[in-house]
Amino acid sequence: APDISVDAVQKDLKELQSVAEDNGGNRAHGEPGFKASIDLVKKKLDAAGFKTDVQEFDGGGTKGYNLIADWPEGGSADHTVMVGSHLDSVSEGPGINDNGSGSAGVLEVALAVSKAKLEPGKHLRFAWWGAEEQGLVGSQSYVDSLAQDDVKKIDTYLNFDMIASPNAGYFVYDDDASVQKVFKDYYKSKDITTDTSPEVNGRSDHASFADAGVTVGGTFTGAGDTMTEEQAKSWDGKAGEPFDSCYHSECDDISNINEKALDVNSDAMAHAVWELSK
Ligand code: PHE
Ligand code: CA
Ligand code: ZN
Ligand code: ZN
Ligand code: ZN
């Protein structure tokens, strides 16, 4: 898999920060900054040759949007690998780690697929979800919109929510052992110790897929929980402090990013996409 440029991911994050600044300080469901975020990501995907679709849903009486991007090359959609991240923030702030980080990483991996003119054995579909912060509403509405036969065609769903927490942990979802191994092999090759996190369970968009019987996986750098002594030793972090002290706050801005974690996780994502779509 190619090396994803962390500078490119950072540039996308700066653009998402500007979107928030131009729209009242956030990118939340129902607010103008969310739709502007969708438009920004869609434009880049369209220019790279993806077939994009903005799907509307009802999120608590307010219109929500999911952005779906299909890569036209490769195998039949009977075997699909999906990669997703939520693009909405909370209303308290710009949501750059949660979840500009996952959104920008997934975007750069999609653009790398285009640049490589990848012809995977499976079909590749990328998604940016709305209204995750309202309770996984966008991803659940997407899964609900699929016929049972189409749910079965999704071989794997990979989720990325918070991949650059300032006091970063390197967590791999433990839902499926074989997907977990693909990520763990990558971190091992970079001499990075991984762990599992109880914070992950059922708390991001992969749960919408897992509940429907889809095999899921992903990576995470921690939210409001506190890093243990042992973890701090493995990751050169700060014991007794949250992974992200700006979690769901106004200060989750462009300065709230651990660039090493952003880089490693974007590269791990590319590795998993290349491996699992073969
Ligand atoms: N979904 C949570 C949020 O957006 C945080 C989270 C990220 C939980 C990743 C699990 C996995 O606030
Ligand atoms: Ca990189
Ligand atoms: Zn959140
Ligand atoms: Zn999140
Ligand atoms: Zn690789």
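Just so it is clear, none of the values below were taken in a lab; they were calculated from the coordinates. Owing to the predicted nature of the structure, the values given are computational and were not obtained by experimental measurement. All Cβ positions, even for glycine, are placed from backbone atoms using ideal geometry, and neighbour counts span all protein chains on display.
So, counting K/R as plus one and D/E as minus one, what does the shell of residues with Cβ under 13 Å around residue 278 add up to?
Working: positive: 122; negative: 119, 155, 275.
Once all neighbours under 13 Å are counted, the net charge is -2.
Give the order of 206, 271, 248, 86 when sorted by the count of other beta carbons within 10 angstrom, beginning with the fewest.
Working: 206 26, 271 21, 248 16, 86 29.
Neighbour counts put them in this order, fewest first: 248, 271, 206, 86.
Normalising by residue count, region 147-278 has a Cα convex hull of 110 Å³ per residue. Across region 13-22, rounded Karplus estimates of 3J(HN,Hα) from the backbone phi angles (6.51 cos²θ - 1.76 cosθ + 1.60, θ = phi - 60°) give 5, 4, 5, 5, 4, 5, 4, 5, 4, 7 Hz, Gly and Pro being marked x.
Using the crude model of +1 on Lys and Arg Cβ and -1 on Asp and Glu Cβ, and no other charge, please compute the dipole size for the chain relative to its Cα centre, in debye to 20. If you can, show how the numbers build up before the last one.
Numbers: 24 positive and 49 negative charges, 167 e Å.
So the magnitude is around 800 debye.
Its Cα centre serving as origin, region 114-232 has a Cβ charge dipole (Lys and Arg +1, Asp and Glu -1) of approximately 640 debye. When region 6-276 is described by a simple charge dipole with +1 on each Lys and Arg Cβ and -1 on each Asp and Glu Cβ, the residue from 111, 20, 97 located farthest towards its positive end is 111.
Do any of 181/278; 35/184; 14/260 go past 23 Å between their Cα atoms, and which? Can you show the working numbers first?
Details: 181/278 16 Å; 35/184 35 Å; 14/260 17 Å.
As for pairs spanning more than 23 Å Cα to Cα, those are 35/184.
Of the residues 232, 131, 207, the one that moves most in a GNM of the chain with alpha-carbon contacts below 10 Å is 232. The H on the amide N of residue 161, modeled in the peptide plane, is under 5 Å from the matching H of 219, each at least 5 residues off or on a different chain.
Region 6-276 has equivalent-ellipsoid semi-axes of 25, 23, 18 Å, by the square roots of 5 times the alpha carbon gyration tensor eigenvalues, sorted largest first.
The magnitude of the dipole of region 1-123, with charges of +1 and -1 set on the Cβ of Lys/Arg and Asp/Glu and taken from the Cα centre, is near 240 debye.
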